[in-house]
Structures are given as C-alpha cells and as structure tokens.
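Before I ask anything, here is the structure I am working with.
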Amino acid sequence: MVEELEPEALEQAERNFDEQAHSNAEHNAPDGDASEENTTHQMAMHPKKRSRSGLGIFSLADVSDSLQRATEFMQNKLWQDQVETLATVPTLQKSHDNNEFWRVQVDASVVGKDAGFAAVHQQVQPSDSLVSVDCATVEGVFEAELLGITCALQMAISRNIPKVWIETDSKSTALAFEARELPFGWNTFPLFNYCLVLCKSLVDVRVSFIPGQENECADALARWARITKVKNSGFLREVAPFCGH
C-alpha cells in the first residue's frame, strides 16, 4: 500500500524535486537551452510527479491523456455525420413551376421567450384552409421560425403529400434552407437537423421568402397561438374561428 502524503509534506516534496532538477540541469548543461532540455528530461523520467489544482491532484500522464481525448473529440465521426446530413437533403431551391407543389405559408410570433407559430395551406375559400398552430418557449425568433417550418413539414407528411413548397417571411430561415447549413444560431442545430430529417420523408421540399404583407394569415394565427397558448390543427373554420381569419 502506498502511503498518502499530507498536503504540507507533498508541497515540500515538490519543492525538493524542482530544486534537485534545477541543480542537475545547471551542473550538466553548458548553456540555457541545454538546461531547459535537461529539466524537461528530468520531468519525463518522473511521469508520476504530482501537481495540485482546484480539482485535486493529477499526474502529467493524466493531462496528456485529457489533451488526446480533446483532440479526438474535435475530429470525431459524430461531427462528420452532421455535416453529411446537411449535404444529402433534397434540394431546397425555389421552384420555377409551383403548380405541382403543396404550398404552405408559415410564420412565428415571439414576445420574450413566449412564441406562437403557424402553418397555413390556403384555399380559395379561407375557412377551408388547412392550418396547424402551436406554441412553445424559445430562445429566439429563429428557433420559432424553425418550429413553424416543422409544423408545415409534419402537415405534409401526415397527409402523404410528396412535394411541398414552404413560404416564409423570414429571410434568414429561407437562406438557411437554401444553403442547407446554419451560418449562425448553432444552438438551434438539433431543431434544424430535425427539419432536414423530415425533408427526407418527402420527395421534394422547397423553402422561399415572401414579403410580410403576403403572409398575413399565418402571421395572425401565430400571434393568436402565442396569446391563447393553443395547440391544434385542422380546417381554419374549426381551429380558429375567432382569431380574425
């Protein structure tokens, strides 16, 4: 059994080791560079030399192992898989012929951390429009906009719609899907990645920008969902008969 040293004894042992290493280096080396090299050699010959920190006592071998693990983490396959996921989703460029696509408009309303979001598949008769509204606590507007995209994708998947064209008045959201990567807001990556996974369940998904004045129905529904904390989907006449649309 190895006897555990008291803190004072440990400190004294460390000082003795350093003094001895320094003395040996000065004696054996003709210049400063050689002295430094000799001191490094002395430390290498004693891998069990102890250091003290707020986390307790650790060895030089432990530090080396931690650095190696950090390097492996930065180069691990998980990150490569995430990049590959972004690179293999269906194209999200704007379509030149939108007649074959199921069009859905989305929007989000955020005050503080409270958010409401909505997806609307509009019909000639507004009351026949299909809608999905939901609410959540978010960290920012971009997260809420992504939740609106999620609603639209889930609506299409539940109805076996193969091709979807999603319209949003958020330029940053449209650009993120067009580039298939996040230029900022990496805290929302799990949600963004989930949207890309949903895209793979469909034949084709397009996301494009529209001005806010062309997105008034989704805007009103998102604001209504935030205020009333409602979560529902179906025909507009059934889901939100008193929200103004």
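Determine if region 208-216 includes at least one residue that is in a loop (DSSP other than H, G, I, E, B), loosely packed, with under 15 Cβ neighbours inside 10 Å and free of Cβ contacts under 8 Å to residues at least 60 places away in the same chain.
yes
Taking the condition of being hydrophobic (A, V, I, L, M, F, W, C), more than 14 Å from GLU145 (Cβ to Cβ) and under 17 Å from the mean Cα position of the chain (by Cα), how many residues in region 164-214 meet it? Can you show your working first?
Taking region 164-214 and keeping what is hydrophobic (A, V, I, L, M, F, W, C), we get 164-166, 174-177, 179, 182, 184, 186, 189, 191-192, 195-199, 202-203, 205, 207, 209-210.
Cutting the leftovers down to more than 14 Å from GLU145 (Cβ to Cβ) gives us 164-165, 179, 186, 189, 196-199, 202-203, 205.
Okay, now just the ones that are also under 17 Å from the mean Cα position of the chain (by Cα), so 179, 186, 189, 196-198.
Of the residues in region 164-214, 6 are hydrophobic (A, V, I, L, M, F, W, C), more than 14 Å from GLU145 (Cβ to Cβ) and under 17 Å from the mean Cα position of the chain (by Cα).
When you check GLU178 against the structure, is it of a type in the set (D, E, K, R) and surrounded by fewer than 16 Cβ atoms within 10 Å (Cβ to Cβ), yes or no?
Details: of a type in the set (D, E, K, R): yes; surrounded by fewer than 16 Cβ atoms within 10 Å (Cβ to Cβ): no.
No, not satisfied.
Given (1) in contact with a strand residue (DSSP E or B) (Cβ under 8 Å, 6 or more places away or on another chain); (2) β-branched (Val, Ile, Thr); (3) crowded, with 17+ Cβ neighbours inside 10 Å; (4) in a helix (DSSP H, G or I), where does VAL205 come up short, assuming only one miss?
For VAL205, the failing item is (4).
Quick check on VAL164: is it closer than 14 Å to HIS121 by Cβ and surrounded by 21 or more Cβ atoms within 10 Å (Cβ to Cβ)?
When the stated conditions are applied, VAL164 passes them.
Considering only residues that are polar (S, T, N, Q) and either under 19 Å from GLN154 (Cβ atoms) or over 30 Å from the mean Cα position of the chain (by Cα) (or both), which ones fall in region 216-245?
ASN232, SER233 - these are the residues of region 216-245 that are polar (S, T, N, Q) and either under 19 Å from GLN154 (Cβ atoms) or over 30 Å from the mean Cα position of the chain (by Cα) (or both).
Computed from the coordinates by the stated procedures, all read-outs in this text should not be read as laboratory data. In this text the structure is predicted, and so the values were computed from the model without any measurement. FYI the Cβ positions are ideal-geometry reconstructions off the backbone, even for glycines, and counts take in every protein chain you see.
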